[in-house]
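Notes for the one structure printed next.
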Amino acid sequence: MLENEPAPRRMRFNEFVLFVSVATAIGALSTYIVLPGLTQIGNDLRLTDISHSQAVISAYLIGFGTSQLVFGPLSDSFGRKGSLLVGLMIFLLGSALSGVSTDFSVMLAGRFLQGVGGGAGRVISTSMLRDSYVGQDLGRALSYVTLVFGLFPAVAPLLGQVILDLASWRWMFALLAAAGLTVAVWATLRLGETLDPERRRPFSWGAFRGALAIIFSTRKTATCILVLGLTLASNYAFIGLSHQVFSQLFHAEHLFTPLFGFIASMLVLAALANAWLLRRLTLRFVVQHTLIAAVAVNVLYLLCACLGWVSLPVYVLLQAVSTFLFGLTLPNLYALAMEPVASVAGTASAVIGFLMTIMGTCLGFFLGQLFDGSLLPIAAGYLLFSTLAMVSAQIAQRWRK
């Protein structure tokens, strides 16, 4: 096989990219579709503190992060297709468990399993693209997948709201199960194995420990992981808290879906802007200045919160700008974290993804629990996280390794 030829599979380019896009987007769909129903889920499952319903998002994200450590090495050892189907079966089990749950702990267990399965789709789908294409074809495929993935945070809450208007929140999980089953059937019938047997690597604990030693002894990468976690924390806090803010603080639950969609659409705009910026500026320059801009926005956010100036339009504007900066920062910061550990890129990608997701989820959930009807503690938390991220990034960029 020539180096620039795709690995054997049954799908042509367009179908293959569409399949990968759908398999990847299930993760975003599962995260965002439940947002309009968080309050109703909390009430139906008899939560005494409705803020705890944010754990429905956090449990999914923890499972999503954990799966990167499991399914990356698993697919390298046993192949992509079989590993993907295992992940989809776990996703189906989690969807069913969440959909029939009558206890909040069962709901969280189901969401964790959903996250594990959804994360498998994300990790393995990206690997399948890298197995199959190189150069411009790979770049073109990744751009299509990124565009589709970026649309789901804006569209998924609208879909969730439609389901709530017509039926119960339990039908959200029925829809997710149907989506997972569709991808599983599609993969079974049409997807060929993209990883040739001679390219598979048996898992080795010794090699894994060696890769971990390289990652954590590389100060630049270790510091970038910290910055990634802090950056994700504010974003995850916003996601988990957003519906509660709209309904309890602004009494504008009916506006949640369109305005959240507007805020989430900033991720697509950021992806387009990032592609333009990186043709003219370096990764380090973009990261440094977006982190500084994030601190400036959060200073303004805290000032408005202190003075009582955070009306709904101001809140939406501040979150839209913050989301745009987040979309600029995250991919570039991830690339910087990977630079010094190219020799163990596969393991490094899994470990970095796991650590930044777990850290961001835990800090974001903690910050969300501080909401007391005022945005003051939330704005203070945003400023703290962004300041620590900016300072840590400045330190990291002074180190070559």
GNM of the chain, Cα pairs under 10 angstrom: of GLY115, GLY82, GLY240, the biggest fluctuation goes to GLY82
Rg/Rg_ref, segment 200-249, where Rg_ref = 2.2 N^0.38 Å and atoms are Cα: 1.88
Among LEU255, SER168, PHE208, the residue whose Cα sits farthest towards the positive end of the charge dipole of the chain (+1 at Cβ of Lys and Arg, -1 at Cβ of Asp and Glu, taken about the Cα centre) is PHE208
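May I ask you to list the trypsin sites (Lys or Arg not before Pro) in segment 46-99 that are in a DSSP loop and have at most 16 other Cβ atoms within 10 Å of their Cβ? Write out the running numbers ahead of the final one.
Numbers: sites: ARG46, ARG80, LYS81; in loops: ARG46.
Within segment 46-99, the qualifying trypsin sites (Lys or Arg not before Pro) (loop, at most 16 other Cβ atoms within 10 Å) are ARG46.
How many percent of the alpha carbon pairs in segment 133-204 exceed a separation of 18 Å?
Distances greater than 18 Å cover 66 percent of the Cα pairs.
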Report the normalised scattering of segment 311-363 as log10 I(q)/I(0) at q = 0.27 Å⁻¹, calculated by the Debye formula with identical scatterers on the alpha carbons. -1.03
Would you look at the GNM of the chain, springs on alpha carbons closer than 10 Å, and say which of SER95, SER21, SER105 moves the most? SER105
Scaled by the rule-of-thumb 2.2 N^0.38 Å, the alpha carbon Rg for segment 174-277 gives a ratio of 1.67
Given the options GLN248, GLN136, GLN114, which has the most mean-square fluctuation in a GNM of the chain, springs set between C-alpha atoms less than 10 angstrom apart? GLN136
Looking at segment 9-203, I'd like the Rg to Rh ratio, where Rg is from alpha-carbon atoms and Rh is Kirkwood's inverse mean 1/r. 1.00
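Plugging the Kirkwood radius over Cα pairs into Stokes-Einstein for segment 204-401, at a temperature of 4 °C and a viscosity of 1.567 mPa s, what D comes out in µm²/s? Please report the intermediate quantities before stating the final value.
Values: Rh = 17.5 Å.
Rounded to a whole number, D works out at 74 µm²/s.
Percentage of Cα-Cα pair distances in segment 25-121 greater than 24 Å, rounded to whole percent?
22
Considering all alpha-carbon pairs of the chain, what whole percent are spaced by more than 31 angstrom? Write out the running numbers ahead of the final one.
Working: 29179 of 80200 pairs.
Above the 31 Å cut-off, the chain has 36 percent of its Cα pairs.
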Taking 0.36 nm per residue of sequence separation and subtracting the Cα-Cα distance, how much length would be gained by fully extending the chain between ARG200 and LEU307, in nm to one decimal? 32.6 nm
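So how strong a dipole does the chain carry about its Cα centre when Lys and Arg Cβ are +1 and Asp and Glu Cβ are -1, to the nearest 20 debye?
Rounded to the nearest 20 debye, it is 1060 debye.
A short reminder: the numbers here are calculations on the coordinates, not readings from a lab. For clarity, every value in this text was computed on a predicted model and none was experimentally measured. FYI the Cβ positions are ideal-geometry reconstructions off the backbone, even for glycines, and counts take in every protein chain you see.
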